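Single-structure report; data block below.
The values are calculated or read from the model by the stated rules, or taken from the named source; none is laboratory data. Predicted model, so just to flag it, every value in this text is computed and none were measured. Cβ placement follows ideal geometry from the backbone for every residue including glycine, while neighbour counts extend to all protein chains displayed. Each accessible area value is taken on the protein alone, full model and side chains, heavy atoms only, with ligands, DNA and RNA left out. Shrake-Rupley method; radii C 1.70, N 1.55, O 1.52, S 1.80 Å.
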Amino acid sequence: MQVNVKKNELKDVKDEILAVAVMQEKDSALPFPEITKNMRKEEFEGKSGQIYTIDTQNKLSFKKLLLFGLGEEKDFDLDYIRRFAGTSVKYAISLKSDSVSIAIPRISKAKNTNSSINSNDVVQALAEGAVLANYKCIKFKSKKDDYFEVKTANIIANANESGDFENAIKRASILANAQNYVRDVNENPANIATPQMLAQTARDLAKKNNLSITVFEKDDIKKMKMNAILGVNQGSALPPVLAILEYNKDKKLPLYAVVGKGITFDSGGISLKPSKGMQEMKYDKTGAVSALGIIKAVSELKLPIRLIAAFAATENMPGGNAQKPGDIVTAYNGKTIEVLNTDAEGRLILADTLAYVAEKKPEAMIDLATLTGAIIVSLGRNRIGLFSNDDKLANAIYGAGQKTFERVWRMPLDKEYVEMNKADFADIKNIGSEGSEGGSITAAAFLQEFVGDCKWAHLDIAGVDMIVEKHAYLDKGASGIGVRLVVETLENLIRK
Ligand code: BES
Ligand code: ZN
Ligand code: ZN
């Protein structure tokens, strides 16, 4: 989708659709009285998310007016802007209109802040919402006729509005396209997205974005004594991979790392999952694919850092040679792990990957993993579970989440949780308790055993990897949530 900024009076907009946002109470007079004056107040009050569309019947230079409610000013948040743009694009899709014009809403303040909203941020959010709403996964449909994509979104600024809008749109396009890339790769089911296919996807990205890449195959993984990855892989007919991508080799720049969980299908292994909902475990590779999306965006934004993106990928299957409850494996850093539940496999493949990446001594290492069902119990589907051994890093991620609306909530890592992972027959066990008590926290405490003295944060994205309910700018399916969050975090870290 092409996103443009145009300086125009709203009445002079020549397009199929003009979308205008209205703040409840504040904007009591609706725009274009010639067509809105007879509307009853109950029909459109500007309540948050409310939509009203009017045919202009040739009275104006555009054919349809879309009014979108932003709700009350006191509740305002930048995400309402993404929702406004997303709703406008979805409306254009429903009308099979090639283009849509979206007026920049005039907002003075955001919720809980005294600072005024920067108009570049508003334009960026508009462009993000528009690009994200235009993605739909149709690649597995044999008939593509119903599918429609909007070609152009025109963001309408008035003459006295100023800012570096071109740059805001460029940033937004890079970020939203990286998120759409993650959604598109992640939508591939497990018969297509095999570990080898993810490795090839990583190679293709590396080539396109001029990144260096090493893919370790099963024999290399054996030589490197990454037995935790090998243990999880044992029940699968497909070999595992460990992919390491690198952006920028300039040693003067600070090094950061992102690590993702790449389980291409999580059946649970011998500790088999119930069949209901098991198909959703094709998304258990979200962390790995997100790591690719992050390095894609960082390289296109040309951030002045070095970045490693790493993931191990394997299926977790109950084949004849599968790992069994009670098995003991020695991880890359020499720690022994008693595998008491083969369904707690994410922490196993991450153990080897985190220990390996920590050796590179990054300034900070962030992992993304659909790690536990327990995080959905504690935080539902609105916030990502954040765990960290460093307050500054945790705060940078929290702030980035508020801005990108990929919100996080920090969870504890007290030593009592660390104790819960102590094993009878090995150094550590892969479940913290028989039940699921504190399940996300003991999982994070397990990961912490493999990061050495590296500043580290873990994002448990099990609750946000897919969209399950109607959403203003994301379709049902893989969400790609986490990419904008981590890129914003990296930008926060280097700004300070
Ligand atoms: N991939 C799952 C976690 C998950 C659950 C992701 C639901 C998305 C939605 C993970 O590997 C897993 O199975 N975790 C177990 C851990 C338990 C055995 C300690 C869980 O959450 O039940
Ligand atoms: Zn599992
Ligand atoms: Zn899993």
Determine the pairs where a residue that is closer than 8 Å to GLY260 by Cβ, located within the range 272-292, has a partner that is more than 12 Å from ligand 2 (Cβ to nearest atom) and of a type in the set (D, E, K, R) with Cβ atoms under 6 Å apart, the partner being 6 or more residues away or on another chain. THR286/ASP465
For the range 273-286, state whether one or more residues are closer than 18 Å to GLU345 by Cα and among the hydrophobic types (A, V, I, L, M, F, W, C). yes
Going residue by residue through the range 373-382, is there one that turns out to be within 16 Å of ligand 1 (Cβ to nearest atom), open to solvent by 60 Å² or more (accessible area, probe 1.4 Å), in a helix (DSSP H, G or I) and on the phi < 0 side of the Ramachandran plot? yes
Does MET281 satisfy being open to solvent by 10 Å² or more (accessible area, probe 1.4 Å), within 30 Å of ALA364 (Cα to Cα), of a type outside the set (S, T, N, Q) and within 12 Å of ligand 2 (Cβ to nearest atom)? yes
Out of the residues in the range 313-353 that are outside any loop (DSSP other than H, G, I, E, B) and away from ligand 1 (no atom under 16 Å from the Cβ), which is most open to solvent (accessible area, probe 1.4 Å)? ILE328
Name the residue, out of LYS476, LYS429, that is within 16 Å of ligand 2 (Cβ to nearest atom), modelled with pLDDT of 95 or more, among the basic types (Lys, Arg) and touching an Asp or Glu at 6+ places or on another chain (Cβ under 9 Å). LYS429
Output for Cβ contacts, cut-off 8 Å, separation at least six or different chains, first residue more than 14 Å from GLY373 (Cα to Cα) in the range 426-450, second within 11 Å of ligand 1 (Cβ to nearest atom) and open to solvent by 40 Å² or more (accessible area, probe 1.4 Å), reads LYS429/LEU340; ASN430/LEU340; ASN430/ASN341
Out of the residues in the range 426-446 that are within 14 Å of LEU348 (Cβ to Cβ) and open to solvent by 20 Å² or more (accessible area, probe 1.4 Å), state the one that is nearest to ligand 3 (Cβ to nearest atom). ILE431
Being farther than 27 Å from ILE229 by Cβ and open to solvent by less than 50 Å² (accessible area, probe 1.4 Å): is that true of ALA400 here? yes
Given (1) hydrophobic (A, V, I, L, M, F, W, C); (2) away from ligand 2 (no atom under 16 Å from the Cβ); (3) within 19 Å of the chain's Cα centre (by Cα), index of the condition VAL357 fails: (3)
Restricting to the range 237-261, count the residues that are open to solvent by 20 Å² or more (accessible area, probe 1.4 Å), within 30 Å of ASN321 (Cα to Cα) and either modelled with pLDDT under 95 or out of contact with any Pro (no Cβ under 8 Å at 6 or more places or on another chain) (or both). 1
Determine which member of the set ALA462, ALA400 is within 16 Å of ligand 1 (Cβ to nearest atom), outside any strand (DSSP E or B) and under 18 Å from the mean Cα position of the chain (by Cα). ALA462
Checked pairs for the range 352-381, first more than 13 Å from ligand 3 (Cβ to nearest atom), second modelled with pLDDT of 95 or more and acidic (Asp, Glu), C-beta under 7 Å and 6 or more apart or across chains, list as LEU354/ASP367
Among the numbered criteria (1) in contact with a Pro (Cβ under 9 Å, 6 or more places away or on another chain); (2) part of a loop (DSSP other than H, G, I, E, B), which one does LEU493 miss? (2)
Given the conditions (1) in contact with a Phe, Trp or Tyr (Cβ under 8 Å, 6 or more places away or on another chain); (2) more than 21 Å from ILE305 (Cα to Cα); (3) of a type in the set (A, V, I, L, M, F, W, C); (4) more than 16 Å from ligand 2 (Cβ to nearest atom), every one holds for VAL418 apart from (1)
For residues that are among the hydroxyl-bearing types (Ser, Thr, Tyr) and crowded, with 19+ Cβ neighbours inside 10 Å, scanning just the range 150-200, find the one that is nearest to SER99 (Cα to Cα). SER173
Could you figure out which of (1) hydroxyl-bearing (Ser, Thr, Tyr); (2) open to solvent by 10 Å² or more (accessible area, probe 1.4 Å); (3) within 16 Å of ligand 3 (Cβ to nearest atom) isn't true of THR264? (2)
Residue list for the range 141-165, filter: touching a helix residue (DSSP H, G or I) at 6+ places or on another chain (Cβ under 9 Å) and under 19 Å from PRO105 (Cβ atoms): ALA153, ILE155, ILE156, ALA157, ASN158, GLU161, SER162, GLY163, ASP164, PHE165
Name the one entry in LYS273, LYS324, LYS285 that is in contact with a strand residue (DSSP E or B) (Cβ under 9 Å, 6 or more places away or on another chain) and away from ligand 3 (no atom under 11 Å from the Cβ). LYS324
